[in-house]
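Student: Take a look at the following structure, please.
The values are calculated or read from the model by the stated rules, or taken from the named source; none is laboratory data. Remember, it's a predicted structure, so these values are computed and weren't measured experimentally. Please note: Cβ atoms are built from the backbone with ideal geometry, for glycine as well, and neighbour counts cover all protein chains shown. The protein model used for the area step is the full one, side chains on, heavy atoms only, and it has no ligands, DNA or RNA in it. Shrake-Rupley method; radii C 1.70, N 1.55, O 1.52, S 1.80 Å.
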Amino acid sequence: MTKIMMTGLTRRSLLKTSAAAALIGAVNTAFPSGAFAASAGPEVTGAKLGFIALTDSAALIIAKEKGLFEKHGMPDVEVAKQASWGATRDNLVLGGEANGIDGAHILTPMPYLMQTGKVTQNNVPVPMSILARLNLDSQAISVSKEYAATGAGLDSSKLKEAFAAKKAAGGEVKVAVTFPGGTHDLWMRYWLAAGGIDPDKDVSVIVVPPPQMVANMKVGNMDAFCVGEPWNEQLVNQGIGFTACSTGEIWKRHPEKAFSMRTEWVEKNPNAAKAIMMAIMEAQQWCDKMENKEEMAAIVGKRQWFNVPPKDILGRLKGDINYGNGRVAEGTDLYMKFWQDHASYPFKSHDLWFLAENIRWGKLAPDTDIKGLVDKVNREDIWRGAAKDLGVAAADIPATSSRGKETFFDGKVFDPENPTAYLESLAIKASS
């Protein structure tokens, strides 16, 4: 009897291979862009990526759930939940080969703070690369319900007297952010300072991980917080506090999270980095479609991702905002943008603003060469390469690295060509 030799191919592996092929075929139908249009395949088949339970991590989760990493030759990509931004930093310092992570959904300033060693143990620099922006808008500043009578909203000055009275009575006014020098820290500081409240003198700024914000406000551990969704919406749904403003009201179409990887990993695996980018970019396009919002809320709300009821995610995802203080706005343009308005593109001008604000609040030295720093960390060239291979329409690829001058709700203007002038125009700066 003739024996049929199946070298390295068992029935189980054959079924697994067939299933993978079927999955990729299904993904190619749903996401028709080509996988390896113009470059060699990835050097590796996997990477370890971190995320925090925030709606703006959705592109990584959708890329995993919809088989987009597989489609682009990266079937072994892991997307792992991180407990806090501090844990994200620590795991990036370790790197995937040392049981950490290779890249992450991250607060845009964090890769710069790591690159300069400002937030790492013993101030050891960890070279990082920003490959994409993950979203625009849809963070918020929320306040305990005890301050509802003040009428505080976009104008934080209405809280000034109440905060001063609490301090005069021996209390401590605590406002929570998610990481020192991160986006939420900067939105909170900008909002307070614009209303004449000094974040270094008039309040205590504390750090709380995003998923713990609602529980901490419920037991009275803070007076206000700034965080991404779905935690502001959950706060309102539980009747614990109200949203003073969406961050899109502070700065229209503002940048928020980034996708960043260790520079060492990117330089060692350039094709794999591009493949990951292509998967994330396709996921961003999917997330941006209004007809996908309900499915997206159901997916990211799963126990292994956010462990949050979809109702706490969906409203603001669609631009429907119940502020929790009697103000309800439906169909606004304050929903999260994942692709439209060049949301995915890592504009260098945006990174310059974050660094300028970190100079303002003393996280970076005044003489920091922020343009030189941005050029080291921001890898818009990888984004452009991935977009080209993905067949992204020319209209979705910005012509320049700058979105130009940006205007804030209080009339301040940031000109990326002259960050110094912007800093000089600000009334409240870091306390000396």
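Student: Below 8 Å between Cα atoms, with a sequence gap of 6+, how large is the relative contact order for the chain in percent?
Tutor: In percent, rounded to a whole number, it is 21.
Student: For segment 75-145, calculate the relative contact order in percent as a whole number, restricting contacts to Cα pairs under 8 Å that are 6 or more residues apart.
Tutor: Computed value for segment 75-145: 18 percent relative contact order.
Student: In addition: Equivalent ellipsoid semi-axes for segment 288-366, as square roots of 5 times the alpha carbon gyration tensor eigenvalues: give them largest first, rounded to whole Å.
Tutor: 30, 17, 15
Student: Here's a follow-up. What value, in deg cm²/dmol to 500, does the helix sum -39500 (n - 2.57) over DSSP H runs of n ≥ 4 give at 222 nm once divided by the residues of the chain?
Tutor: -11000 deg cm²/dmol
Student: Near the amide H of GLY153, under 5 Å away, which other amide H atoms are found, from residues 5 or more places off or on another chain, if H is placed in the peptide plane?
Tutor: Residues meeting the criterion, in which the H sits 1.01 Å from N, are LYS158.
Student: I'd like the Karplus ³J(HN,Hα) series for segment 249-259: coefficients 6.51, -1.76, 1.60, θ = phi - 60°, whole numbers in Hz, and an x wherever there's a Gly or Pro.
Tutor: With the stated coefficients, segment 249-259 comes to 7, 6, 9, 5, 6, 6, x, 9, 7, 10, 9 Hz.
Student: To the nearest 10 degrees, how steep is helix 11-30 against the longest Cα principal axis of the chain, on a 0 to 90 scale?
Tutor: Once rounded, the angle reads 50 degrees.
Student: In terms of the Cα gyration tensor, with a ≥ b ≥ c the square roots of its eigenvalues, is segment 160-268 rounded because a/c is under 1.5, prolate because a/b exceeds b/c, or oblate?
Tutor: prolate
Student: At ARG384 and ALA83, where each label point lies 7 Å from the Cα along Cα→Cβ, what is the point-to-point distance in nanometres?
Tutor: Result for the modelled spin labels: 4.2 nm.
Student: Right, another one. Once the other residues with Cβ under 15 Å from the Cβ of ASP333 are scored (Lys, Arg +1; Asp, Glu -1), what is the net sum?
Tutor: Once all neighbours under 15 Å are counted, the net charge is 0.
Student: Return the single residue from LEU68, LEU94, LEU352 with maximal mean-square fluctuation; model: Gaussian network over the chain, springs between Cα atoms under 10 Å.
Tutor: Comparing LEU68, LEU94, LEU352 in the GNM, the peak value goes to LEU94.
Student: What is the percent carbon and sulfur in the accessible area of the chain, measuring with a 1.4 Å probe over the protein chains and ignoring ligands?
Tutor: The C+S portion of the solvent-accessible surface of the chain is 52 percent.
Student: Based solely on C-alpha atoms, express the radius of gyration and the Dmax of segment 150-212 in angstrom.
Tutor: 11.7, 31
Student: For segment 365-432, max minus min Cα coordinate along each principal axis, in Å, sorted largest first?
Tutor: 50, 27, 17
Student: Another question, then. For segment 318-401, place one equal point scatterer on every Cα, skip the solvent, and apply the Debye formula. What is log10 of I(q)/I(0) at q = 0.15, 0.24, 0.25 Å⁻¹?
Tutor: Listed by q, the Debye log ratios stand at -0.77, -1.06, -1.11.
Student: Arrange the peptides 106-117, 317-328 so that the one whose residues have, on average, the most other Cβ atoms within 10 Å appears first.
Tutor: 106-117, 317-328
Student: In terms of the ratio Rg/(2.2 N^0.38 Å) built on C-alpha atoms, what value belongs to segment 64-166?
Tutor: Against the compact-globule rule of thumb, the ratio is 1.53.
Student: Stretch GLU417-GLN121 to full length: gain in nm at 0.36 nm per residue minus the Cα-Cα span?
Tutor: In short, 103.2 nm is gained.
Student: List every residue whose amide H lies under 5 Å from the amide H of ALA244, counting only residues 5 or more places away in sequence or on a different chain, with H placed 1.01 Å from N in the peptide plane.
Tutor: ILE141, SER142, VAL143
Student: May I ask you to compute the full-extension gain from LEU94 to MET290, defined as 0.36 nm times their residue separation minus their alpha-carbon distance, rounded to one decimal in nm?
Tutor: In short, 66.8 nm is gained.
Student: Taking only protein heavy atoms into account and a 1.4 Å probe, give the accessible area per residue of segment 115-266 in Å².
Tutor: Ligands and nucleic acids excluded, the result is 32 Å² per residue.
Student: Okay, moving on. Please turn the phi angles of segment 50-64 into ³J(HN,Hα) values with the Karplus equation 6.51 cos²θ - 1.76 cosθ + 1.60 (θ = phi - 60°), one per residue in order, whole Hz, x for glycine and proline.
Tutor: Those phi angles translate into x, 8, 9, 5, 9, 4, 6, 8, 4, 4, 5, 5, 5, 4, 6 Hz.
Student: Here is a further query. To test your reading of the geometry: what angle, between 0 and 90 degrees and rounded to tens, separates the Cα axis of helix 380-390 from the longest principal axis of the chain?
Tutor: Long axis of 380-390 versus the principal axis of the chain: about 40 degrees.
Student: By the scheme Lys and Arg +1, Asp and Glu -1, what is the net charge of all other residues having a beta-carbon under 15 Å from that of LEU373?
Tutor: Taking every other residue near LEU373 into account, the sum is 0.
Student: Sticking with this structure for a sec: Which percent of Cα-Cα pairs in segment 235-384 sits in each 5 Å bin, short to long?
Tutor: Going from the shortest bin to the longest, the percentages are 2, 8, 13, 16, 16, 16, 14, 10, 5, 1, 0.
Student: Beyond 32 Å, how much of the Cα-Cα pair distribution for the chain remains, as a whole percent?
Tutor: Here the long-distance tail beyond 32 Å is 36 percent of all Cα pairs in the chain.
Student: Between helix 85-94 and the chain, what is the angle of the helix's C-alpha long axis to the longest principal axis, kept within 0 to 90° and rounded to the nearest 10?
Tutor: The two axes meet at around 40 degrees.
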